[in-house]
Amino acid sequence: MTTIAENLQQIHRRMAHACDAAQRPQDSVALLAVSKTFGADAVREAALAGQRAFGENYIQEGVDKIAQLRAMADMPQPVWHCIGPIQSNKTRLVATHFDWVHTVDRLKIAQRLSEQRPAALAPLQVCVQVNVDGGETKSGCSPEEALALAQAITALPQLQLRGVMSIPDPQPTPEAMLAVHQRVAAVFAQIRDSGLPGLDAFDTLSLGMTDDLELAVAAGSTMVRVGSGVFGKRSYPAA
């Protein structure tokens, strides 16, 4: 059985090869380890192996895990990314406990996060979530709405706009998957090159997961979100 540390090494090798193939610097893509459904001990193991950034989809599970990890003094403290959908009644938890949010897809959520971010904390790092393939069950604003949402976010205190995130549906061929990723990259480039004020730190294209990270890197991703490739196969509780 491979360890989390060995899995991390394998993922980093894949990322390095993908960067080489895309003629990009190997340090131009960051790894976000998606720890949903895995316990604090698994996160601790990954952190002790050098991983710093962790993503949580389920807000209450993430908050509980953050509290457990903060009580562990024998490890570097992670940077926590909320990568799951956010309902209005959960914005305070996110604003209080997380460092990043990848899933801002409407202004109401951004406004609540800004209002509820404690003044003593650094600004919440925010990505606009874009739904490029139009999946009806998916969160995310349309590509046509992304620039206006980005502009509104830059005007909010306690938020720092960092980039764009998307979770495209799997496609039947690698070529089709690459094309969808490239559509996300085009939205990122549109905002980056728009001349909006407040884009000083706009540097993150959060795109790609365990199965498609190479294609995402080829399209320009700067942060891949890998769960099973790091922690192993998930076991979800029965409904």
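The values are calculated or read from the model by the stated rules, or taken from the named source; none is laboratory data. Remember, predicted model here, so these are calculated numbers, not experimental data. When we count neighbours, we look across all protein chains shown, and the Cβ atoms used for this are built from the backbone with ideal geometry, even at glycine.
Out of the residues in the stretch 184-211 meeting the condition of being among the charged types (D, E, K, R) and in contact with a strand residue (DSSP E or B) (Cβ under 9 Å, 6 or more places away or on another chain), tell me which one is nearest to ALA47 (Cα to Cα).
ASP203
Go through (1) more than 30 Å from ALA122 (Cβ to Cβ); (2) crowded, with 16+ Cβ neighbours inside 10 Å one by one and return the number of the condition ALA150 breaks.
It fails just one condition, (1).
Checking THR91 against (1) free of Cβ contacts under 8 Å to residues at least 40 places away in the same chain; (2) more than 18 Å from GLN116 (Cβ to Cβ); (3) out of contact with any His (no Cβ under 8 Å at 6 or more places or on another chain), only one condition comes out false. Which one?
(2)
Confirm whether ASP203 is surrounded by fewer than 22 Cβ atoms within 10 Å (Cβ to Cβ), closer than 14 Å to VAL29 by Cβ and in contact (Cβ under 8 Å) with a residue 12 or more places away in the chain.
When the stated conditions are applied, ASP203 passes them.
Provide a single number: the residues in the stretch 110-130 that are touching a helix residue (DSSP H, G or I) at 6+ places or on another chain (Cβ under 6 Å) and part of a helix (DSSP H, G or I).
Of the residues in the stretch 110-130, 4 are touching a helix residue (DSSP H, G or I) at 6+ places or on another chain (Cβ under 6 Å) and part of a helix (DSSP H, G or I).
Among all residue pairs at least 6 apart or on different chains, which show Cβ distances below 7 Å where the first residue, located in the stretch 152-170, is acidic (Asp, Glu) and the second is surrounded by fewer than 23 Cβ atoms within 10 Å (Cβ to Cβ)?
ASP169/ASP133; ASP169/GLY135
Going by the conditions given, is GLY163 modelled with pLDDT under 95 and under 24 Å from HIS97 (Cα atoms)?
The answer is no for GLY163.
Do we have GLY84 as in contact with a Lys or Arg (Cβ under 7 Å, 6 or more places away or on another chain) and either surrounded by 15 or more Cβ atoms within 10 Å (Cβ to Cβ) or assigned to a helix (DSSP H, G or I) (or both) here?
Taking the combined requirement at face value, the residue does not satisfy it.
On the basis of being polar (S, T, N, Q), over 21 Å from GLY84 (Cβ atoms), surrounded by fewer than 23 Cβ atoms within 10 Å (Cβ to Cβ) and within 18 Å of the chain's Cα centre (by Cα), does GLN171 make the cut?
So GLN171 fails the test.
Since GLY198 meets every condition but one in (1) on the phi > 0 side of the Ramachandran plot; (2) at pLDDT 95 or above; (3) surrounded by 15 or more Cβ atoms within 10 Å (Cβ to Cβ), which condition does it not meet?
For GLY198, the failing item is (2).
Failed condition for ALA30, given (1) touching a strand residue (DSSP E or B) at 6+ places or on another chain (Cβ under 7 Å); (2) more than 19 Å from GLN160 (Cβ to Cβ), with all others met?
The number of the failed condition is (2).
So, in the stretch 96-112, of the ones that are in contact with a Lys or Arg (Cβ under 9 Å, 6 or more places away or on another chain) and free of Cβ contacts under 8 Å to residues at least 60 places away in the same chain, which residue ends up nearest to ASN131 (Cα to Cα)?
ARG112
Does ASP20 fit the bill of being surrounded by fewer than 15 Cβ atoms within 10 Å (Cβ to Cβ), at pLDDT 95 or above and of a type in the set (D, E, K, R)?
Criteria met by ASP20.
For the stretch 33-52, state whether one or more residues are among the charged types (D, E, K, R), under 16 Å from the mean Cα position of the chain (by Cα) and either at pLDDT below 95 or not in a helix (DSSP H, G or I) (or both).
Yes: one or more hits.
Take the stretch 107-138 and flag every residue that is within 19 Å of ALA155 (Cβ to Cβ), among the basic types (Lys, Arg) and either surrounded by 17 or more Cβ atoms within 10 Å (Cβ to Cβ) or modelled with pLDDT under 95 (or both).
ARG112, ARG117
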